[in-house]
Amino acid sequence: MGEMIKLGGLWINQDKNGNEYFSGNFGFGGKINIFKNTYKTKDNDPDYTMSISAKQSKQDSKQDSNQDVSDNSDIPF
């Protein structure tokens, strides 16, 4: 094994069904999630799956929560 490079840390979380998964944030603005592969049917299927997404900034979160919600009270259905 060559020189190891630390990318970040992972935390254990639980989804709404009680399944544990790992999540972490990385310096390049990415968020990673690692889930146990519940669809594994063969020995050569992966034990875990990994996904990465852009981490939502605090500014983006504020904009999302401050957006106007239309009043639909005049819709007859």
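The values are calculated or read from the model by the stated rules, or taken from the named source; none is laboratory data. What you see is a predicted model; the values in this text were computed from it and never measured. All Cβ positions, even for glycine, are placed from backbone atoms using ideal geometry, and neighbour counts span all protein chains on display.
Would you mention how many residues in region 26-40 are surrounded by 10 or more Cβ atoms within 10 Å (Cβ to Cβ), assigned to a loop (DSSP other than H, G, I, E, B) and of a type outside the set (A, V, I, L, M, F, W, C)?
Final tally of qualifying residues: 3.
Name the single residue that is nearest to Asn25 (Cα to Cα) among those in region 46-61 being exposed (fewer than 10 other Cβ atoms within 10 Å of the Cβ) and at pLDDT below 85.
Checked region 46-61; the qualifying residue nearest to Asn25 (Cα to Cα) is Lys58.
Restricting to region 1-25, give me the number of residues that are free of Cβ contacts under 8 Å to residues at least 12 places away in the same chain, polar (S, T, N, Q) and in a strand (DSSP E or B).
2
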